[in-house]
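Down below is the structure, laid out as structure tokens.
Derivation of every value follows stated rules applied to the coordinates shown; laboratory data play no part. Every value quoted in this text rests on a predicted model; they were computed, and no experiment measured them. Cβ atoms come from the backbone with ideal geometry, glycine included; neighbour counts cover every protein chain shown.
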Amino acid sequence: MFEAGQMAADVSPPQAKQNAIGAPKRDRRLSLTKIDRRGRLGRRVAELTGIFMRVEKAAGEVTPLKLECIREAAQLKALAEAERGSWMRGESKCSLDELIRLERFAAAAVEELGLQKAGSAPLPKPWEIGPWQTLHADGEDK
């Protein structure tokens, strides 16, 4: 079976399908499209989503499109809060300009939801208030 100078490890078994074309290799890397709810950031996203949902349900029915907007706003807000905290501790990997941009996107997403207290009139936009008017806490011009 083995010749005089040959070891068992040197002999390879015959390979039957050496030139066969197999299925393409599957990419097993994780693509991060959602935030893991087990971590601190994920718990904050769930908390913000719950807050936004309660306010929205009090105002009326929540459509699937509105639900997606709520989830996006909650994720952006939580990411902005987490990044601001790490920037203030000196642990951030982004610049202050990127942080401000992220916070602006988060604020715009939350404002786009149009959340307000149930039964209250919406507050006027800043451009709707003249320089001679002041806005009081009850929402009335004086």
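Extent along the principal axes, Cα only, for the stretch 40-116: 42, 22, 19 Å, with the longest axis given first. Packing, as the average of other Cβ atoms within 10 Å across residues, places the peptides 71-78, 50-57 in the order 71-78, 50-57, highest first.
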